[in-house]
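Presented below is the structure to which this report refers.
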Amino acid sequence: MQNAVLIGSSLAILSGIMNGSFTVPMRFLGRWEWENVWSLFIISSCLLLPAAILAAIAPQSWTVLAHAPQHAIWTAIAAGFAWGFGAIMFGQSVSAIGISLANTLVLAISSALGSLLPMLLLAPQKFYSYAGKMIVTGVAIELIGIALCGIAGRKREQKIGIEGDRGDLVGQARPLSVALLLAMGAGVLSAVFNIGFALAKPITDYGRNAGLSEFSSTNLIWWLMLGAGSIANLVFCGYLLFKNRSVAKFRQPGAMRLYSLAALMAVLWGGSIFVYGAAAPRLGSLGPSIGWPLSLATGLLLANVIGVGLGEWRGVPQGSKKLMYSGILVLIVAIVVLSRANYQ
């Protein structure tokens, strides 16, 4: 049992490392437009990678999925389609304000709303229970952390402008106010993703009864939701490719390096989902309490270490940096508090 928990915890940390670093290649993709990068990322991470994993570990998955409960399948598709718009907002927010601040705001808002909204919509009777009180407390703490990070970001914007030290970051810079709206949108739709995953659980149950492992059964839902989410992303990218006439950039000299970086993004983000899927069963009932905060906190910390290393906070006063670090610490405390809600 201890060995399983150790392996599961290690996998949760690995998942956080992958999730916290997947946007790094965007820093070196400025020769392409945002839509070039994001379309390849979505095709690879939401369509090709999940299909390859399912085909490799459980070739019979397609037959099982064809006979799974139809209402759960359509729920997963609808929730995944809605989440797709959130993925667009997240990708735009990274280009808008950089890796560290975008990841911090989106992860914080996503975890807050992803904890609160499912309870309010699916189990409002739990609002006054132990779990409900812990969730409300955790969300309140997160709001403080988000406010601290937002103030730090505003001070950074006032000091070095909205461009800052972007390097070769793909996309265009935007004011922090716009980025906050994008982060909030990504957070709300992340909650929809969580609700859809919970409502699609009959697919997992059917898969287990049909002989699939828990990991493979869960991946059936991931494949449906990610595939549906890719639709909104690819339609939006297609519109931008046509509008900006950026299709030709796929054929520019030296594009192979850019293809490789976009593929790396897909492997890191898509892989983080499946790695966490492998971690949760090994943690058993401790999965939500240990795995979730470990993965999220690791991703949050790593994204900020990377952002600082890439110079996103260069030239910013120490007071603003301390505000940011304080906000991150408060957010980690909030993540731990939210995880305690799973003990009862």
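No value in this document is a laboratory result; all are computed from the given coordinates. All values derive from a computational prediction rather than experimental measurement. Positions of Cβ are backbone-derived with ideal geometry, glycine not excepted, and every protein chain shown enters the neighbour counts.
About its Cα centre, the dipole of the chain is roughly 560 debye, where the only charges are +1 on Lys and Arg Cβ and -1 on Asp and Glu Cβ. What's the longest uninterrupted piece of the chain once you rule out the trypsin sites (Lys or Arg not before Pro) that are loop residues per DSSP with at most 11 other Cβ within 10 Å? Answer from the scan: 1-244.
Per-residue ellipticity at 222 nm, computed for the chain from helices alone with -39500 (n - 2.57) per DSSP H run of at least four residues, works out to -26000 deg cm²/dmol.
Taken as entire DSSP H runs, the helices of the chain that both span 20 Å or more between Cα atoms along their own long axis and average 0.0 or more on the Kyte-Doolittle scale are 2-21, 70-97, 99-122, 130-160, 176-199, 214-243, 255-283, 292-309, 318-340.
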